[in-house]
Amino acid sequence: MKNVLEVKIERAGYHDEKNTITNIQFDVGEGELVGLIGANGAGKSTTIKAILDMLDIDGTILFKQTSGKRYAYIPEQPTFYEELTLWEHLAFAATVCELHETEWKKDAKKLLEDFRMEHVIHHLPSSFSKGMQQKLMIIIAFLIKPKVYIVDEPFLGLDPKSTKQFLRYIDQEKKRGAGILMSTHVLDTAEKICDYLLLIADGHIKATGNIEQIRKEAGLPNGSLLDCFEELVEW
Amino acid sequence: MEKNTTKRIFQTRVKKHYCTILDLYKRTVDWVTWLYLIIPAAVISFYQYIEWWQTPWEWKASEIQFVSLLFLFFFIYTGNIRLFIEKGDQLFYRQYEKKFYYLMKLGMAYSSLVNFILTTVIFIILAPILIVQLNYPIFITIALLFFISISRFLVTTIKQIVHARFSGWQFYIVYSCFILLSAVIYSWILYVWFSINDKLLIILSIFILLVLNLLLLIYKLHQRDTFEEDLTREIKLKYRFMTYALQSASLLGAPKYEKLKVMRKKKRSWLFRNSGSIFFKRTTQSAFIEIYIKYLLRSKDRRMVFLQLIGGIQFAIILAPDVIKWIIWILTILIILQMSNYYVTELKKATFLKLFDWDNEKLFHYTSKAVFVVNLPIIFIIGAVGGALLIDAWWGFLILGLGSICITYLIQPFMQK
């Protein structure tokens, strides 16, 4: 399995030295879903921001992509232009990522239908609920079809149907060969879908591996991810 | 007891508001600003003011009267009401209805006082025009002061009531009708005042306006579903000085009060209602220009800033003496570029743009193009008006219009961050 993302962070953080992360090293392979698990303030979002070049960083971040779109980012807090409609956001993303017009329009239509957003395509996202705004972020990411997805708390505000649809698309993208880095608090879902887990606490990696390896490390052969997390991470 | 607690909360919030303004003043205005901007402007203005009192203008009285009353009509529409409510009030304070209403009442009383003081300041500035140039008697001038002050507060109250009941295009239709109606009533009242000149009638008309204003304030106070609406406005007003300061310095970070917009507001925009494209051929550059145009035109605040700026500048160019006209013309180009620079930086710094992988050099090129294309008509109009007034030839408007565009093209890249 080829890597699509290689992260070697010696130190990254804000200027005030708070929320600093150290020695975070991991890879995301083709078709692999890596889960970033940790308590509030553990350093998950800081890690993501460091990967996205939004922070000062000592270390290297390598997107193993020679050309084209490097990544799609689904942020925890939906972000959009209040003055652009849903469709205009999609059109802008498609133009910036140089997608073929007929293709992206077809894909966009399918995504809008699957996430039940086709009735609000000409509406301004500021009038949407939190869940609908989150769906906008998800639709843009899946429309771009990059090699790497960086997803921060995707389930916040999503209704059960959309959550299921999101997981279906994630699975589809894995099969296409995309690598996914996903930060989440929803441990029972993470346990089921993640191929590899990174447990972060106080800005360091506490444990890594698939669920079996994590269980072994925690000494809980039949424990859930939540049990293992409780065992491995000091509160 | 209840009233004392509310009074204390109100006093604390007002005090905090003024402390913020003072703090902002200390951070933004230093001795350099005083030396090179405020003192020279004050000296020139004071000299001009004394001139107004001493020398009659060459303009016809009817023209001066028309411009002055038109200015006062526009001034009526610039008011606001501070209620001093805060977001945290919905946690517990709002359920104490009496206390909460009392807080809003205090806010309204405070706003009416500020409104009266501000109107008085405007009338002190206009006094030489009204008393010397137009020969208005003192009684009429004072009556006009009360009429404008009450009307300003009344218009603000009505605007807030209308805003709570209508949104989107419905609001614009109702509000436009209201502006037209108020223009008719304003002209009619003043016509009756000046033609009949009956003191009792003038006092009576002011009294009727005052009673109407009080009734509408009571209605506004008891509107039950306007908390979020009022809160959004309150935050906007609370941070407006900070926003102006940051905008004028081309900095970002003004609080995003837009985030508080309630859900029922503005689902679709009336401009490009079906997400229409401006450019036939879509490239990253044209897409960037397009979102910048929509970003400016679809935001009421940004639209108004540009319109007011252009209107105010045209007015200043027309009224100012010739030498000053040239200074205003060149300053205008710089101000508009500064404004555009601020907005395009805001657009560029938005987190949404960070979802994509940008080449910084290309992004700089796109933003430069976007600013230039959007400013093209504005800069041409300002140059053309200046040219028509300053150059005594039919082609004056064309040469200064095109000249303005060339200057903009040359200096704009140096102003962009």
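The values are calculated or read from the model by the stated rules, or taken from the named source; none is laboratory data. All values derive from a computational prediction rather than experimental measurement. As a convention, Cβ positions derive from the backbone with ideal geometry for all residues, glycine included, and neighbour counts pool all protein chains shown. When the accessible area is computed, the model is the full protein with side chains, heavy atoms only, and any ligands, DNA or RNA have been set aside. Shrake-Rupley method; radii C 1.70, N 1.55, O 1.52, S 1.80 Å.
How many partner chain Cβ atoms sit within 10 Å of a residue's Cβ in peptide A:94-101, on average, as a whole number?
4
If you place +1 on the Cβ of every Lys and Arg, -1 on the Cβ of every Asp and Glu, and leave all else neutral, what size is the dipole of the protein assembly as shown about its Cα centre, to the nearest 20 Debye?
Computed charge dipole of the protein assembly as shown: roughly 1680 debye.
Hey, what's the Kirkwood Rh for region B:115-180 if you take every pair of different alpha carbons, in angstrom?
Numbers: mean 1/r = 0.0734 Å⁻¹.
The answer is 13.6 Å.
In nanometres, what is the gap between the two model label sites at B:THR55 and B:ILE124, each 7 Å from Cα along Cα-to-Cβ?
Result: 2.5 nm between the two label points.
Kindly state, to the nearest 0.05, the FRET efficiency for B:PHE71 paired with B:ILE278, given R0 = 30 Å and r defined as their beta-carbon distance.
Details: r = 36 Å, r/R0 = 1.20.
Efficiency at R0 = 30 Å is approximately 0.25.
Counting other Cβ atoms within 10 Å of each Cβ, which GluC sites (Glu not before Pro) in region A:116-194 have at most 11 and sit in a DSSP loop?
Loop-located and lightly packed - none at all.
Relative to the compact globular guide of 2.2 N^0.38 Å, what is the alpha carbon radius of gyration of region B:279-406, as a ratio?
My calculation over the Cα atoms of region B:279-406 gives 1.19.
Of the beta bridges DSSP finds with both residues in the protein assembly as shown, what % are antiparallel, to the nearest 5?
In the protein assembly as shown, DSSP labels about 50 percent of beta bridges as antiparallel.
Carbon and sulfur together cover what percent of the accessible area of the protein assembly as shown at a 1.4 Å probe radius?
63
Give, rounded to the nearest 20 debye, the magnitude of the charge dipole that chain B has about its Cα centre when Lys and Arg contribute +1 at Cβ and Asp and Glu contribute -1 at Cβ.
Computed charge dipole of chain B: roughly 2040 debye.
On a C-alpha basis, how far is the centre of region B:87-144 from the centre of region A:148-203 in Å? Whole number, if you could?
Using only Cα atoms to place each centre, the spacing works out to 56 Å.
Roughly what % antiparallel, to the nearest 5, for the DSSP beta bridges in region A:129-235?
So the antiparallel bridges amount to about 50 percent of the total.
Taking +1 at the Cβ of each Lys and Arg and -1 at the Cβ of each Asp and Glu, which of B:ILE382, B:PHE116, B:ILE138 sits farthest along the dipole of chain B towards its positive end, judged by Cα position relative to the Cα centre?
The one lying farthest along the dipole's positive direction is B:PHE116.
What list of ³J(HN,Hα) values in whole Hz, one per residue of region A:25-39 in order, does the Karplus curve 6.51 cos²θ - 1.76 cosθ + 1.60 (θ = phi - 60°) give from phi, with Gly and Pro shown as x?
Residue by residue, region A:25-39 yields 9, 6, 10, 10, x, 4, x, 10, 10, 9, x, 9, 10, x, 6 Hz.
Total Lys pairs in region B:1-105 closer than 24 Å by alpha-carbon, pairs eight or more apart in sequence or interchain only?
25
Inside 10 Å of the C-beta atoms of A:84-93, what's the mean count of C-beta atoms belonging to other chains?
Neighbouring Cβ atoms belonging to other protein chains average 6 per residue here.
Run the helix sum for chain B: -39,500 (n - 2.57) per DSSP H stretch of 4+ residues, divided by residue count, reported at 222 nm to the nearest 500 deg cm²/dmol. Mind dumping the intermediate values first?
On the way: 14 runs with 304 residues, N = 417.
One gets -25500 deg cm²/dmol as the mean residue ellipticity at 222 nm.
Can you run phi through the Karplus equation (6.51, -1.76, 1.60; θ = phi - 60°) for region A:176-183 and list ³J(HN,Hα) in whole Hz, with x for Gly and Pro?
With the stated coefficients, region A:176-183 comes to 6, x, 7, x, 10, 10, 10, 9 Hz.
Taking the Cα centre as origin and putting +1 on Lys and Arg beta-carbons and -1 on Asp and Glu beta-carbons, what dipole magnitude results for region B:110-255, to the nearest 20 debye?
The calculated dipole for region B:110-255 is roughly 100 debye.
Long-range amide H contacts for A:ILE74: which residues qualify at under 5 Å (H placed 1.01 Å from N, peptide plane, sequence gap of 5 or more or a different chain)?
Placed amide hydrogens put A:ILE150, A:VAL151, A:ASP152 under 5 Å from A:ILE74.
Using a 10 Å cut-off around each Cβ of peptide B:355-361, what is the average number of partner chain Cβ atoms that fall inside?
Values: counts 16, 11, 13, 1, 0, 0, 0.
Other-chain Cβ atoms within 10 Å of each residue's Cβ, averaged: 6.
Restricting to chain A, compute how many DSSP beta bridges are antiparallel as a %, nearest 5.
Roughly 50 percent of the beta bridges in chain A run antiparallel, per DSSP.
Excluding ligands and nucleic acids, what accessible area in Å² is computed for B:SER176 using a 1.4 Å probe, to the nearest 10?
Counting only protein heavy atoms, B:SER176 exposes about 60 Å² to solvent.
Identify, among A:ALA94, A:MET137, A:LEU124, the residue whose Cα sits farthest towards the positive end of the charge dipole of region A:79-145, taking +1 on the Cβ of Lys and Arg and -1 on the Cβ of Asp and Glu, with the dipole about the Cα centre.
Going by the charge dipole, the pick is A:MET137.
Across region B:116-242, how many lysine pairs, 8 or more apart or on two chains, come within less than 24 Å at their alpha-carbon atoms?
Number of lysine pairs found: 5.
Once you compute Rg and the Kirkwood Rh from C-alpha atoms, what is the Rg to Rh ratio for the protein assembly as shown?
Using Cα coordinates only, the ratio equals 1.03.
Expressed in whole Å with the largest first, what are the equivalent ellipsoid semi-axes of chain B derived from the C-alpha gyration tensor as the square root of 5 times each eigenvalue?
37, 33, 22
Work out how far the C-alpha atoms of region B:1-147 reach from end to end along every principal axis, then list the three figures in whole Å, largest first.
Projected onto its principal axes, the Cα set of region B:1-147 covers 62, 41, 23 Å.
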